[in-house]
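To start, the structure itself, in structure tokens.
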Amino acid sequence: MSEPYLTRLTARLLDGVERLPAATRERTAAYVRGRQLPDGGWPGREGGSDLYYTGFALRSLAVLQALDADLCGRAADFLRTRMSGSGSVVDLFSLVVSCYLVPLGGGPDVLADAPPDWRERVGSVLESFRSPDGGYGKTPGAPHGSTYTSFLVVLCHELLGTPTPAPERLAAFVKSRKRADGGYVEIGAMKRSGTNPTAAGVGVLQILGALGDDARAAVADFLAALPAEFEGGLRANDRIPAADLLSTFTGGWTLDRIGCADRLDWPAVRDFALACEAAAGGFRGGLWDDRTDVEYTFYGLGTLALAALHTD
């Protein structure tokens, strides 16, 4: 696929967000802006600035078209302090996507002062997470790969403009995580699939051009069976009774991308997301949650955007 995965995702969400009420957009943008700390980063529910949450905050503001030079300039200051740390694949992905978004909002090119071989160095660090089974593990030298970590590595390479090494091995690894229920698992020993590993597995295979029609149909059947009976959102797996925004967004986006969005009741999905929004702005993880954060706010905003595209 010629267009990067995250570019397609952002463009799709931009289209949907533009259809949301102005009050929703303004309230959500104000919430995310208000969470930025003095050092320029964003926190989770506890502690100080964190690369992971900073990435979600900037992605939310990007689809809201609410990035500006001042906010991005402060974000760049924070990102510069994290350029030398090796970190996890999650941190590396968050750093790379944040460095990509900051200039789009009028901020500086964070990578301008980086060593000329910075991209190659990041690629080498990513490859240190390669596992013998062909995937990428959560720690360097891990014996087994993680479906989600492998997805993040592929996204990093797309953002860096570098090819994913040994793509055939990676595709074979992801296919080995497919289960009889039609979905994919995160850990090889698992027998029953989950919504989020399925979204990650499908994402990798789409990027590598290795998702077949049979797998696409099986994924659609698996995800279409996961909405919670009385909530409207999707569950993380078929043994969990309650829906959550992460699974609702990733499952909905996956169905959208494989051309099977009509398998969901989008008005019910929309109502679930709205029920997770706090009056002062921001989204909580589900009806069971009592706190908001910028990560779930991205999922809530994304879910509303997709619902708008499929209910208009």
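The values are calculated or read from the model by the stated rules, or taken from the named source; none is laboratory data. Since we're looking at a predicted model, the values are computed, not measured. Note that we place each Cβ from the backbone using ideal geometry, even for glycine, and neighbour counts take in every protein chain shown.
Quick notes on this one:
- Where A142 falls short, out of the listed (1) over 28 Å from F222 (Cβ atoms); (2) without any contact (Cβ under 8 Å) to a residue 24 or more places away in the chain; (3) hydrophobic (A, V, I, L, M, F, W, C): (1)
- For E26: the one exception among (1) at pLDDT 95 or above; (2) in a loop (DSSP other than H, G, I, E, B): (2)
- Take the conditions (1) without any contact (Cβ under 8 Å) to a residue 40 or more places away in the chain; (2) within 13 Å of I207 (Cα to Cα); (3) of a type outside the set (F, W, Y); E127 misses just one of them, which is (2).
- Criterion violated by L211 - all others in (1) out of contact with any Leu (no Cβ under 9 Å at 6 or more places or on another chain); (2) not in a helix (DSSP H, G or I) satisfied: (1)
- Residue count for the range 52-75 under the criterion of being assigned to a helix (DSSP H, G or I), free of Cβ contacts under 8 Å to residues at least 60 places away in the same chain and surrounded by fewer than 23 Cβ atoms within 10 Å (Cβ to Cβ): the result is 6.
- Just one residue in the set A171, A166 is small (G, A, S), touching a residue at least 12 places away in the same chain (Cβ under 8 Å), loosely packed, with under 14 Cβ neighbours inside 10 Å and over 19 Å from V90 (Cα atoms); that residue is A166.
- The range 259-283 - residue that is crowded, with 19+ Cβ neighbours inside 10 Å and assigned to a loop (DSSP other than H, G, I, E, B) and, of those, modelled with the lowest pLDDT: G281
- Complete set of residues in the range 217-240 that are in a loop (DSSP other than H, G, I, E, B) and either within 13 Å of G194 (Cα to Cα) or under 19 Å from the mean Cα position of the chain (by Cα) (or both): A225, L226, G233, R235, A236, N237, D238, R239, I240
- All conditions but one from (1) of a type in the set (G, A, S); (2) modelled with pLDDT of 95 or more; (3) in contact with an Asp or Glu (Cβ under 9 Å, 6 or more places away or on another chain) apply to A69; the one that does not is (3).
- Among the criteria (1) under 25 Å from S84 (Cβ atoms); (2) among the hydrophobic types (A, V, I, L, M, F, W, C); (3) crowded, with 23+ Cβ neighbours inside 10 Å, the one L159 does not fulfil is (3).
- The range 159-175 - residue that is in contact with a helix residue (DSSP H, G or I) (Cβ under 9 Å, 6 or more places away or on another chain) and assigned to a helix (DSSP H, G or I) and, of those, farthest from V125 (Cα to Cα): K175
- Contacts under 7 angstrom Cβ, first residue in the range 9-21 being on the phi < 0 side of the Ramachandran plot, partner of a type in the set (K, R), 6 or more apart: V17/R25
- Annotation note: Cβ proximity below 8 Å between a residue of the range 186-215 that is under 21 Å from A243 (Cβ atoms) and a residue that is in a loop (DSSP other than H, G, I, E, B) and among the β-branched types (V, I, T) (sequence gap 6+ or interchain) occurs for R192/V185; S193/V185; G194/V185; P197/V185; V202/I258.
- Residues within the range 144-200 that are among the aromatic types (F, W, Y) and within 25 Å of C99 (Cβ to Cβ), tallied: 2
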